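Undergrad: I have a structure I would like to understand better, so I am pasting it below and will then ask my questions one at a time.
The values are calculated or read from the model by the stated rules, or taken from the named source; none is laboratory data. This is a predicted model, so every value here is computed, not measured. With ideal geometry, Cβ positions are generated from the backbone for all residues, glycine too; neighbour counts draw on all protein chains shown.
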Amino acid sequence: MDEATRNALADALELLADQQVWNCELWHRCYDLVTANADDELVGYMADDLIHYSGRPLFRREPRPKDLQRYRQGFRDFAAALRERLSLSEYRRRYE
């Protein structure tokens, strides 16, 4: 993944973490960037962790603000890891 894409994804995740209400356009931007770069080890893990849980998509319908609240820190942690170019093992040591 090139630096511009890495920064674009980190920016989008940080913006998503700051949203008080559901922003469909921003979510789709994050989703598209994650799925297009899922061959990156950390981004692939992010896809599994943020987009799916319990084998189901994270957001089937428009989530309520309290639904988003649970994921805000996760979005921020992944953004920070991307900016610092952490490996998956480094991410796990630091954030899990």
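Undergrad: Is it true that some residue in region 78-89 is in contact with a helix residue (DSSP H, G or I) (Cβ under 9 Å, 6 or more places away or on another chain), loosely packed, with under 13 Cβ neighbours inside 10 Å and modelled with pLDDT under 95?
TA: No, the conditions are met nowhere in region 78-89.
Undergrad: Taking region 1-29 on its own, how many of its residues are crowded, with 19+ Cβ neighbours inside 10 Å and free of Cβ contacts under 8 Å to residues at least 24 places away in the same chain?
TA: 1
Undergrad: Among the residues of region 26-45, how many are of a type in the set (Ser, Thr, Tyr) and within 17 Å of GLU14 (Cβ to Cβ)?
TA: Start the filter on region 26-45 by keeping residues that are of a type in the set (Ser, Thr, Tyr), which leaves 31, 35, 45.
Among the residues that remain, those that are also within 17 Å of GLU14 (Cβ to Cβ) are: 31.
Looking only at that region, the number is 1.
Undergrad: From the set of residues in region 36-61 that are more than 16 Å from ASP77 (Cβ to Cβ) and modelled with pLDDT under 65, which is nearest to the chain's Cα centre (by Cα)?
TA: HIS52
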